[in-house]
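The values are calculated or read from the model by the stated rules, or taken from the named source; none is laboratory data. Bear in mind that the values here come from a model prediction, so they are computed numbers and not experimental data. A quick note on method: Cβ atoms are made from the backbone with ideal geometry, for glycine too, and the neighbour counts reach across all protein chains shown. Remember, those area values only see protein heavy atoms, side chains included, never the ligands or the DNA or RNA. Shrake-Rupley method; radii C 1.70, N 1.55, O 1.52, S 1.80 Å.
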Amino acid sequence: MSFLSLDQLRKSFGATQVVKNFNLDIEQGEFVSLLGPSGCGKTTVLRMIAGFESPSHGVIRIGDADVTARRPNQRNVGMVFQAYALFPNLTVAQNVAFGLKVKGVGKAQSAARVAEMLSLVGLGDFGKRYPFQLSGGQQQRVALARALAVQPQVLLLDEPLSALDAKIRVSLREEIREIQQRLGITTVFVTHDQEEALSMSDRIVVMHGGMAQQIGAPHEIYSSPANRFVAEFVGRLNVLDAEVTDAAQGHVSVGGIEIPTGRPLTPGTVPLALRPEAISLGPAPGHDISFTGTVTEVQFLGSVIRVGTHMGGAPVLLDTFNRTGRRPPQLGEKLEFSFNSKGVILLE
């Protein structure tokens, strides 16, 4: 039996239905990310778990308890907000102790718990400071310590890293994941950043239009997208319109380049997807499809060089590693490219 269960959740604001028949079962200790664009319903789902929004329909269970009608303070969940929501007039220690004070925890026990949580997030010496004396990353650590201090059954994170700069964001997401695994706490993380979701999660729920488009492990979401939306939202993607040349054998053609898909098809045109990293400069072991193209674009991205060309008249991007001593492709240069047909994603 799952530890956190969302059964047929719906939420409407007036005539607008923002969450539609949402189902999700999360195991104890699992880290699950709700990933999607703005307005897809992911934060509304999180707020329903927390109790800040009441579902129009459906049931929320934590452990063996139906918490659908319970108020936020009756659910034993901890929440970290995007904007930190720290009390500016309280010290760091007082902020972390706030939930404990509301619960009536004694001073000695509270002080010990606060010290433990601040040590956990690497702020053991910051208890007497005020929020304005901290960096954004430090403030978010305080918010995390406050959420964990009350020993919640479920930790909810609402885009907690979006206001931080890139370097701190990467560092803090690694810390959050390490703390979550150390404590074994069931966690739901809301983000629109695919890299965050892919790097942190045990499973990802890709949302669009108030619905779960696909639920799976990060490698499943990336390598085997359930539909075109998931394929285009998660990672860079080349989408190619292919003509079916042999429906029974599953062969298609992109501008005269024959590609086997390995499955029977319906005659007509089908969309194919190919990740930029699946295409190589020149021949490569295991690659059974090759084509010649002119370099139309070169983007230097540090460790990776993104190259634009055309395959069978269709524009494609490919990623190649930047290697010391190797000249990068040049605009206008005609080169050979290759890929493995098994890396082609057939979009439904």
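Using the Karplus relation 6.51 cos²θ - 1.76 cosθ + 1.60 with θ = phi - 60°, the per-residue 3J(HN,Hα) values for segment 299-308 come to 10, 8, 10, x, 6, 10, 10, 9, 10, x Hz, with x marking Gly and Pro. I'd like the FRET efficiency for His219 and Asp165, computed as 1/(1 + (r/R0)^6) with the beta carbon distance as r and R0 of 30 Å, rounded to 0.05. Computed FRET efficiency for His219 and Asp165 comes out at 0.60. Working from label points 7 Å from Cα in the Cα-to-Cβ sense, the Lys334 to Arg10 distance is 6.1 nm.
For the peptides 25-36, 81-92, the ranking by mean Cβ contacts within 10 Å, running from highest to lowest, is 25-36, 81-92. Computed from the alpha carbon atoms alone, the convex hull of segment 175-262 holds 130 Å³ per residue.
Scanning residues 5 or more positions from Met79 or on other chains, those with amide H under 5 Å from its amide H are Leu156, with H placed 1.01 Å from N in the peptide plane. Projected label points at Asn73 and Ser290, each 7 Å from Cα along the beta carbon direction, are separated by 7.2 nanometres.
Probing with 1.4 Å while keeping every protein chain in the model, the per residue accessible area of segment 1-139 equals 51 Å². Shown here: percent of Cα pairs over 27 Å apart, derived from the displayed model; of the candidates [x] 40; [y] 56; [z] 44, it corresponds to [y]. Taking amide hydrogens as placed 1.01 Å from N in the peptide plane, the amide H of Ala217 sits under 5 Å from those of Ile204, each at least 5 positions away in sequence or on another chain. Residue-normalised convex hull volume from the C-alpha trace of segment 186-342: 143 Å³ per residue.
For the chain, the 222 nm mean residue ellipticity estimated from helices alone, with every DSSP H stretch of n ≥ 4 adding -39500 (n - 2.57) and the total spread over all residues, rounds to -7500 deg cm²/dmol. Normalised by 2.2 N^0.38 Å, with N the number of residues, the alpha-carbon radius of gyration of segment 1-128 equals 1.24. Backbone amide hydrogens, once placed in the peptide plane, bring Val18 within less than 5 Å of Lys11, Ser12, Phe13, excluding anything fewer than 5 places away on its chain. Listed by chain and number, the aspartates and glutamates whose C-alpha is less than 15 Å from the C-alpha of Lys11, apart from same-chain residues fewer than 8 away, are Glu53. Annotation: per residue accessible area for segment 189-348 equals 48 Å², rounded to a whole number [probe 1.4 Å, protein chains only]. By accessible area, using a 1.4 Å probe on protein heavy atoms only, segment 291-348 has 52% of its surface on carbon and sulfur.
Our note on the geometry: Cα centres of segment 290-348 and segment 56-106, 50 Å apart. Where both bridge residues fall in the chain, DSSP classifies roughly 75% of the beta bridges as antiparallel.
Quote the FRET efficiency, to the nearest 0.05, computed for Asp25 versus Glu258 with a Förster distance R0 of 45 Å and r equal to the Cβ-Cβ distance.
0.55
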